[in-house]
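Enquirer: The structure follows.
Readers should treat all values here as calculations from the given coordinates under stated rules, not as data from a laboratory. Source: prediction; values computed, not measured. Positions of Cβ are backbone-derived with ideal geometry, glycine not excepted, and every protein chain shown enters the neighbour counts.
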Amino acid sequence: MRILFGWHLDGPSWPESLDGTAASLDTDIVGPAGLIRILETILALGGPEVSPALRIAQYLARLRAVDDGQHFYSRSLAADGWSVARMLLGWRDSLVEAGWDGSVPGGGGRLDTLAEVERAPGALAPGPGDRLRAVTAALEPPRPTCLTELRLATPEELLPEPWRRLLRRLAAGGTAVCPCRLPVPAGNGDLAALGRRLGGFTEGAAWRGDGSLTLLEADDEWLAAEAVAGWLAAAPGDNHAIAIIRGQRTMLLDEACHRLGLPRVGGAGRSRWRAAVQVLPLAFATAWEPVDVHRLMELLTLPQSPIPMGVAEFFAAALQKAPGIGGPVWQEAWRDALGRRRTRLEERGLAERDIARRLAEEERLWRGWLEMPRIAEADGIPAQVAAALCRRVADWAAGRALQGDEMLAVVAAQAGAMAEVVAASGLARIPKPQIDRMLDSVIADGAAVPAGGAEAAPWTVVDEPGQIWGPARAVVWWGFLDGSAGMAAVPWSGAERAALAAAGCLPEAATQALRREAWAWRLPVLNAAERLILVKPRAIAGEPAAAHPLWHEIEPVLHDLTQDRLTHGRGCAVQASALLLADRTPLAGRVVQRAALDGGRPPEPRRLWRVPADAVPMRDRESATSLNRLLGCPFAWTLQYAAGVRPGALRRIPDGSQLVGTLTHAVLAELFTERPSWSAEEAARRAAALFDRLLPVLAAPLLRLGQGLELERARAAVADAARMLAGLIGGAGLTVRGCEVEFQETLAGDMGGGIAGDIVVDGTVDMLLEDETGGPVILDLKWSRTDRHRRQEIAEGRAIQLAVYGRLVGGGVTTSVPAGYFMLAQQRLLFTEPAPFPAHAHIPGSDLPEVWRSAWDSRTRQLDRLRSGEIVAAGIADTGCDGAGPPAIVLTPPCRICDYGRLCGVGSIQP
């Protein structure tokens, strides 16, 4: 068997076969991991692969087993055991790879402590260093293997000493270890001259400017992708023997290639934020008390949620309306979800017994996700509960994976690995920060999109420059940027290094690793026979990007080769923006052609929209909300009520003010349902108690850590609102007849266009009061940052909601029913009549029966116009195209809170 071994060759490579022409069953190209796997198989040393997270958990158990509170890591272990275990395991593995056998080398307490941990009971799966040592030991004394030849693609002197020792053992056993052959660029071109200088050869021709070396600079990734895809498309039949280095993610390059009919490069990359990969961390995030409704909403709205979409929408809507678990809205969601599921099963023709069994089983599964027993973060999650949660995710993902979803197979494996990690950690209860660290390690880089891989192409794609070990016609280095995280700090002191060296352990010096990395950087320059294109965007995702460190080697050489004729050796630089300025642009030996598209203009805002007559269906039901929408903007009313256009599926948990408003409504409704009359102080005390009881089911986000100040402000605001409202009601001699009282009236009226028909008008009154004579008084509760809008509404005779409620409560009589708004945040009453409340609460200007008549007349006129086929978008300025006078009552268009602004043009961006 013949092998090519290079330090960076675990993964794709160019050339793709040992001889560069054809593949063979007895040849392979491998890096360190691949060579160890082959030797383990030959020497019968192989075993199952173990995830890094499991090894961290095993080492954590060992650290805890020997910890007496006095070790150098003890305090850190108590604060963040997982991070400590991960770091110390890295130290331990590097020592083992360097030759440490676990004995006490002396030299200080840290090394002695690591030796004590090494002797501690408990399993620790072998790491890379253990496997290297085992293979090396199995080759002593020298023994023959089936490896007849091992060629080096990395100079032996650049390898760590343990790997050089392994090579010596193989050579002693009869394997022909062939040294690395330094590539020597041939020819007289600029690229060859540069390569000879970087390779250590002093001779080289002067700079000719032949375009064999190109630094393609672009303002951003998008422009860089357009330029590279254009270059590839300029000669689609001449793209063989080209190597593309994925120095960064290639999503934009993939899309640019796809638009030009080229294969995708396939660098969508792995991500921990793929929707399916989020199920496991979200399952843990929703397991804590108080429940994190934001994370629960994310779990419900995932494209691959464990809760079926038709069921999840009910609970998502419930959280949006009342962010909490267990309240009336949540229970209603359960009834609606089970009702819909029953209907679906009945449509399949199942027997009642089978329907009941299926419903019970599905409800049990859904409650396991939504209403699991939750644990206080301070207590930590029991290990058996965490393992059961992992099994639930694994069972769900594995079942879905069998239906063809490849990504969920990755999720099932991650959940299984997390269960192993929890068990191996040895912790009875795991604090939330530790669970989060474990998840980070298990999920790691997440998962790749199955459909995001490379497509069949004449070129070859590699991940890093060190994988180009042989000659290529051309090399395109996509993302020629500095992506290094910096040199890892060496943790050992001089005394510790001396003790380790005396014990035969020689950790690699940082300079040796940097020399090996620098060698790999030069390989594209040395192996590119005809052309090298270095693609350097100036910014990535809006952030400035620095050139790859190799450029700091290339630039002085270019400066020397050009004999100072080019400023700082930049004569090879080409700006990608030049492609936008001409139809034909030369680039790296090819001509990129671009054709201008016909210019266009975005649709302009339109006030008047015309449809065929009678195309807009009329409704036989109205409410204060629909009436406000119709009179405020017929265009929005048509889309919402007639066309059934709804906002997208993206749901959002209400913010602080909305939460407090919803909760205050509920508290006051329950307060005055318990008793119709309260003294001011009694109402405040009872409202505070009701606030605490209803908080988890209606406004759970206020219970999260960091919300303490907002929570106290909300509790005080609710108590103050109850105190003020009870005082106003008692001072006016009123009693509460009911809260959230529903009314409905059927009117024989006009459905638009002169068509008669019954119309149902309905509404729900927040608080219905009565005076000493039994006369009704209406209060509508509002929570907003200011009362200006509602004050103007009453003063200008536009309080349609109060007029509708007055009509419904009054039973259609023309006598005005006193009504008003109680502004909860301001504890201020805005009333339409001078009595029965204090005179300062009266806002003159509204005759509610007259407002009702004007609104109903305006409704008829608007419906007539809709029936004729004219739809007005009221938010667009009138340019004289309306052709009709204003209605009897004019409302401000609701553009600020409207979902349809992008359709009419109010929210569009104009040239």
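Enquirer: Over segment 276-451, what is the mean sequence separation of C-alpha contacts under 8 Å (at least six apart), divided by residue count, expressed as relative contact order in percent? Write out the running numbers ahead of the final one.
Expert: Values: 179 pairs, mean separation 43.2, N = 176.
It rounds to 25 percent for segment 276-451.
Enquirer: What is the gain in length, in nm to one decimal, between residue 560 and residue 348 on full extension, counting 0.36 nm per residue of separation less the C-alpha to C-alpha distance? If you can, show how the numbers build up before the last one.
Expert: Values: separation 212, 0.36 × 212 = 76.32 nm, distance 8.03 nm.
This chain segment gains 68.3 nm when fully extended.
Enquirer: Can you tell which of 835, 783, 804 lies farthest toward the positive end of the dipole of segment 734-860, using +1 and -1 charges on the Cβ of basic and acidic side chains (Lys, Arg; Asp, Glu)?
Expert: Projecting each Cα onto the dipole axis, the largest value belongs to 783.
Enquirer: Using a simple spin-label model with points 7 Å from Cα along the Cα→Cβ vector, what separation in nm is obtained for residue 506 and residue 138?
Expert: Going from the residue 506 label point to the residue 138 one covers 2.5 nm.
Enquirer: For residue 130, project a label point 7 Å along Cα to C-beta. Then give me every residue of segment 406-425 with its amide nitrogen under 17 Å of that point.
Expert: Within reach of a label on residue 130, which here means backbone N under 17 Å from a point 7 Å along Cα→Cβ, segment 406-425 contributes 420-425.
Enquirer: Take residue 25 and residue 658, extend 7 Å from each Cα along the Cα→Cβ direction, and tell me the distance between the two endpoints in nm.
Expert: A separation of 6.5 nm, rounded to one decimal place.
Enquirer: Round to the nearest 0.05 the FRET efficiency obtained for residue 613 and residue 896 when R0 = 35 Å and r is the Cβ-Cβ distance.
Expert: The computed FRET efficiency comes out at 0.60.
Enquirer: I would also like to ask the following. List the residues of segment 134-152 whose backbone N lies under 16 Å from a point placed 7 Å from the Cα of residue 178 along the Cα-to-Cβ direction.
Expert: The answer is 147-152, whose backbone nitrogens lie closer than 16 Å to the label point.
Enquirer: Still on this structure: Let me see the pair-distance distribution of segment 119-205: every alpha carbon pair, 5 Å bin width, integer percents in order.
Expert: Reading the bins upward from 0: 3, 12, 15, 14, 13, 9, 9, 10, 7, 4, 2, 1, 1, 0.
Enquirer: Report the extension gain between residue 707 and residue 208 in nm, rounded to one decimal, defined as 0.36 nm multiplied by the number of residues separating them, less their alpha carbon distance.
Expert: 172.9 nm
Enquirer: Where both partners of a DSSP beta bridge lie in segment 768-900, what percent of those bridges are antiparallel, to the nearest 5?
Expert: 55
Enquirer: Now for a different question. Along the Cα-to-Cβ line of residue 359, 7 Å from the Cα, sits a label point; which residues in segment 293-321 have backbone N less than 18 Å from it?
Expert: Zone members listed by number: 308, 310-312, 314-315.
Enquirer: If you average the sequence gap of Cα pairs under 8 Å that are 6 or more apart and divide by the length of the chain, what percent do you get for the contact order?
Expert: It rounds to 14 percent for the chain.
Enquirer: Continuing with the same structure: So, counting K/R as plus one and D/E as minus one, what does the shell of residues with Cβ under 9 Å around residue 224 add up to?
Expert: -4
Enquirer: Now a separate question. Using alpha carbons only, how many degrees (0 to 90, rounded to 10) separate the axis of helix 352-370 from the longest principal axis of the chain?
Expert: 70
Enquirer: Right, something else. Calculate the FRET efficiency for residue 402 and residue 620 from the Cβ-Cβ distance with a Förster distance of 45 Å, rounded to the nearest 0.05.
Expert: Efficiency, rounded to the nearest 0.05: 0.35.
Enquirer: A further question follows. From the gyration tensor of the Cα coordinates in segment 1-95, what semi-axes in whole Å does the equivalent ellipsoid have, largest first, with each one equal to sqrt(5λ)?
Expert: Over the Cα atoms of segment 1-95, the semi-axes work out to 41, 14, 10 Å.
Enquirer: Based on the Cβ-Cβ distance of residue 331 and residue 770, what FRET efficiency does E = 1/(1 + (r/R0)^6) give at R0 = 30 Å, to the nearest 0.05?
Expert: On the way: r = 31 Å, r/R0 = 1.03.
According to the calculation, E is roughly 0.45.
Enquirer: Add -39500 (n - 2.57) for each DSSP H run of 4 or more in the chain, then divide by its residues: what number comes out at 222 nm, to the nearest 500 deg cm²/dmol?
Expert: Here the helix-only value at 222 nm equals -14000 deg cm²/dmol.
Enquirer: Between residue 673 and residue 538, what is the label-to-label distance in nm when each label sits 7 Å out along the Cα-to-Cβ direction?
Expert: Result: 6.4 nm between the two label points.
Enquirer: Something else: Could you point to the residue in 34, 111, 158 farthest towards the positive end of segment 2-178's charge dipole, with +1 and -1 charges on the Cβ of Lys/Arg and Asp/Glu respectively?
Expert: After comparing all options, I get 111.
Enquirer: With charges set only on the Cβ (+1 for Lys and Arg, -1 for Asp and Glu), what does the dipole of the chain come to about its Cα centre, in debye to the nearest 20?
Expert: Dipole about the Cα centre, nearest 20: 660 debye.
Enquirer: Still on this model: Cross-link partners among lysines for residue 321, C-alpha distance below 19 Å, same-chain residues fewer than 8 apart left out?
Expert: In chain and number order, the partners are 782.
Enquirer: Something else: Indicate, rounded to the nearest 5 percent, the antiparallel portion of the DSSP beta bridges found entirely in the chain.
Expert: Percent antiparallel among DSSP bridges in the chain is about 45.
Enquirer: For residue 429 and residue 384, compute 0.36 nm times the residue count separating them, minus their Cα-Cα distance, and round to one decimal in nm.
Expert: Result: 15.3 nm gained on full extension.
Enquirer: Farthest toward the dipole's positive end in segment 619-677, which of 632, 642, 677, given Cβ charges of +1 (Lys, Arg) and -1 (Asp, Glu) about the Cα centre?
Expert: 642
Enquirer: Also: Treating the angle as unsigned and between 0 and 90°, give the value, to the nearest 10°, between the Cα long axis of helix 309-321 and the longest Cα principal axis of the chain.
Expert: Roughly 60 degrees, rounded to the nearest 10.
Enquirer: Using Cβ counts within 10 Å as a stand-in for footprinting exposure, how do 190, 620, 766 rank, fewest first? Don't jump to the answer; show the numbers that get you there.
Expert: Details: 190 25, 620 11, 766 19.
By the 10 Å Cβ count, ascending, the order reads 620, 766, 190.
Enquirer: Over segment 2-178, what is the relative contact order in whole percent, taking alpha-carbon pairs under 8 Å and six or more residues apart?
Expert: With pairs under 8 Å counted, the relative contact order is 26 percent.
Enquirer: So what's the angle, to the nearest 10 degrees on a 0 to 90 scale, between helix 656-674 and the longest Cα principal axis of the chain?
Expert: 40
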